[in-house]
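In what follows, a single structure is set out as structure tokens and then discussed.
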Amino acid sequence: MRYRSSEIADKATRLIAIALAMGLFWLLLGGLLGSVYVRRITRPLAVLTEAAQAVTAGRLADVVIPQQQSDDEVGVLEASFGHLVTALRAERAENAKLLETQQHLNARLRQRVEDVTGDLRETASYLQAVIRAMEEGVITCDLNGEIVEANLGAVRHLNGFTRPTSGVRVADLLPDGGVLQDAVDEVVRSGKGKSIELVRLCGTAIESAHAAVDTAVLGGQRTLLFRASPIQGANKRPMGAVLMVTDETHARLVEVRMRRHDRLISLGTIAAGLAHELGNYMHAINGFSTLLLRDTAGDDPRRSDLQSIRDENQRAIALLERFLQFARPGHMRFGAESLESLVGEAVAMCAFRLRKEDVALDVDMTAVPAEVRCDGGLLVQVFINLILNATDAMAGRPERHIRILGTTSDSDRVTLRFSDTGTGIAAEHIERIFDPFFTTKIATGTGLGLSIAHKIVEVHGGALTVQSTPGSGTTFIIELPINGPREEAA
């Protein structure tokens, strides 16, 4: 069969067109199928990517968990991601609860700390107030012996010495204070407390709980008692020491006066016995010696011996009468007296001695009351004793001057000061000058004048004290109640 070329060309053209149409169809179908398949894979991945970015940014609440669309790898990935987001949300919720609980606990703990801190501050303030109000001195120091803190009691007790302030070393509080520093070092090292009593010179008066105590009464000696205790931290680690300090000067003065009082009591008992046993004999001797002198001629060689016997016997009688002042001061006649007149009477009785020794006298009684209730006769005896003692103390001195000054205090007491420019009293003697029979005038003194004067002033409800600086003179101070003693002697 023969085919023409034109037919063959037409058939070929139709076949090519059909092939092209078929190819285009399948190409479009493949593209469509590929697009669907790719969209099915990439869309879940895009959703997962967006959700992953939200998780990374911490926006778990904004994450939309994709639903599993298939069982293939993408579906497994979607399911796993959903479980992960769910677990993260649960963990975040748990963490939020724990954080809320922790914040609540922190708030309670913070409030507890504030309460405890407030209690500690209140306790510390209370303790500081107690320490500040303590009469006893309290000083704390570090390991090097430097003061950290001291209360007002320590300042009062150490008045006249170095002020106990922060930074001052314990050794510098007192003269020769190295022994105190050694005691503190020993306490810190051993962890055991220790007491030490130190006596140091200080011219400053101290204030006791009752009245001012003049250290001149004790020769300028101040007695200080220190009680040191260790300060330890955790595990008994040493941190320093605390010193409790008290001024025992007043106590020592009381002891001196008590010893003197005991001696006076003993002497009074002895004096009463001596007066009872010897009085009659002394007066008998005086009477017979007087008779013998009257019957003995003036040129008789025995007259001088008789005169000596009578004179010495009269001295013995006078001494015996002084003894009796300790046993019984006699009938006290209290009345309204002028101290200015009594001092003038004593000065008049000492006038000859004052002129003989060329002693200048200055009396100022303008500040004393017009009348004081007292026994004028006994006080005149005290004034005479003080004036004569001052005159003796100035013997041989280029300047001889006695000043008597009277003042009145706010406590209804009058004060008389008898000051001289004599040699003063040695520190080792000043504690004993009021003791019976103690005297520095070996040739002429009996040691009873000041003892009697002290007792007379004491009977009046007053006090007799002394201030003295060797080489610069002495001042005797008499304090008397204006209205007399509370219980007058009968």
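The values are calculated or read from the model by the stated rules, or taken from the named source; none is laboratory data. All figures in this text were calculated on a predicted structure; none of them were measured in a lab. Backbone-built Cβ (ideal geometry, glycine too); neighbour counts: all protein chains shown.
Here are a few things to note about the model shown:
- Sub-6 Å Cβ pairs linking a first residue in segment 332-346 that is among the basic types (K, R) to a second residue that is surrounded by 16 or more Cβ atoms within 10 Å (Cβ to Cβ) and at pLDDT below 90, at least 6 apart or interchain, are R333/D375, ordered by first then second residue.
- Within segment 382-401, residues that are assigned by TED's automatic domain parsing to the domain that holds A360 and over 20 Å from G471 (Cβ atoms) reach partners that are at pLDDT below 90 and among the basic types (K, R) with beta carbons closer than 8 Å, at six or more positions or on different chains, in the pairs L388/R353.
- Scanning segment 460-490 for residues that are under 10 Å from C374 (Cβ atoms), modelled with pLDDT of 85 or more and crowded, with 19+ Cβ neighbours inside 10 Å yields a total of 3.
- Entry remark, segment 411-434: residues being in contact (Cβ under 8 Å) with a residue 24 or more places away in the chain, of a type in the set (G, A, S), within 25 Å of M258 (Cβ to Cβ) and in a loop (DSSP other than H, G, I, E, B) number 1 in total.
- Residue count for segment 356-377, restricted to those that are more than 44 Å from the chain's Cα centre (by Cα) and under 24 Å from T474 (Cβ atoms): 6
- Residue check, A346 surrounded by fewer than 16 Cβ atoms within 10 Å (Cβ to Cβ) and more than 44 Å from the chain's Cα centre (by Cα): no
- Test: residue in segment 308-331 that is more than 30 Å from K455 (Cβ to Cβ), modelled with pLDDT of 80 or more and out of contact with any strand residue (DSSP E or B) (no Cβ under 8 Å at 6 or more places or on another chain): yes
- Of the listed requirements (1) out of contact with any Ser or Thr (no Cβ under 7 Å at 6 or more places or on another chain); (2) under 26 Å from S166 (Cα atoms), L109 misses just one: (2).
- Within segment 388-432, if we keep just the residues that are surrounded by 17 or more Cβ atoms within 10 Å (Cβ to Cβ) and of a type in the set (S, T, Y), the residue that is farthest from A346 (Cα to Cα) turns out to be T423.
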